[in-house]
Amino acid sequence: MQKERLCPDLIVCSAVATACERSQVWEKALQVLATLSQLGIQPDVVAFGTAISAAARGAQWAHALQLMDAMRDRGLERNVVVVGAGVSACERGHRWSVALLLLAEMRGRLLDPDSSSVNAALSACSKASAWWKALQLFDEMAAWRVHPDAISFNTAVLACSHGRQWRQVLTMLEEMELRRLQPDATSQGLGLAECEQRSLHARELDLLQRVGRDVPGLRELPQFEILAAPGKTITSTHLSANCQQVAQVGKETSL
């Protein structure tokens with residue numbers, strides 16, 4: 001009877017915490033979890049996972065890790081969703097080494113990380129300029145049976161630029177084309193920069209034409225006509241302006 005009386009309270013509180021998490025009000029979500037303990041109700045994996053996700057949305061990586069430790073102390077299993085939320089929190093908090101440790105925990109417990117978790121760790125490494133770790137992690141995705149998506153490739157391309165691995169930038173862009181994945185404006189700009197640096201003008205023009213094809217409205221820009229003119233060499237100034245135009249048009253078409 002006591003258990004039956006408590007279950008609705010747990011369900012209601014978990015629902016409130018979920019609403020707070022989706023509204024990105026991470027403090028309220030943590031307060032709901034604290035309220036459960038004050039009422040003598042044992043938070044379950046779902047309640048903890050919701051609070052950890054809320055902390056991740058608020059870039060509160062320390063709070064997220066504290067909640068994960070609390071789960072372990074209570075004997076609650078940290079599943080893929082929970083650990084993935086912890087990785088996301090570390091990514092937003094620029095704690096790449098901790099993010100990799102959490103991924104290692106998944107592997108050690110024979111849990112298969114999903115693409116979101118791996119992408120978050122990739123981003124954490126790339127943002128911290130730990131580009132070699134990002135590329136190592138990218139290469140390990142196949143062994144983990146995680147298929148890299150557009151986010152994975154775009155993040156890896158950015159990591160290549162941080163490590164000045166310019167040849168790999170073009171290699172990854174070519175692989176994205178084979179997989180029919182869309183590079184973002186940053187990846188396209190880095191590809192153009194590599195072509196310019198190596199005087200690969202044919203590749204440069206081909207990539208620029210693909211940028212115009214992939215981003216609706218870009219071909220109508222006067223700047224695109226200038227850059228795509230036969231025999232035109234793209235200077236760093238032109239490239240920077242072009243990337244800004246690509247990003248702006250991309251944002252407008254995605255709204």
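Quick notes on this structure:
- The lone criterion from (1) of a type outside the set (Ser, Thr, Tyr); (2) more than 30 Å from residue 161 (Cβ to Cβ); (3) crowded, with 20+ Cβ neighbours inside 10 Å left unmet by residue 73 is number (3).
- Members of the range 53-77 found to be under 21 Å from the mean Cα position of the chain (by Cα) and not in a helix (DSSP H, G or I), listed by number: 58, 59, 60
Yes or no, residue by residue, for (1) surrounded by fewer than 19 Cβ atoms within 10 Å (Cβ to Cβ); (2) more than 19 Å from residue 64 (Cβ to Cβ):
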| residue | (1), (2) |
| --- | --- |
| 95 | no, no |
| 99 | no, no |
| 102 | no, no |
| 109 | yes, no |
| 115 | yes, yes |
| 121 | no, no |
| 124 | no, no |
| 130 | no, yes |
| 135 | no, yes |
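Computed from the coordinates by the stated procedures, all read-outs in this text should not be read as laboratory data. Bear in mind that the values here come from a model prediction, so they are computed numbers and not experimental data. Positions of Cβ are generated from backbone atoms using ideal geometry, with glycine treated the same way; all protein chains shown enter the neighbour counts.
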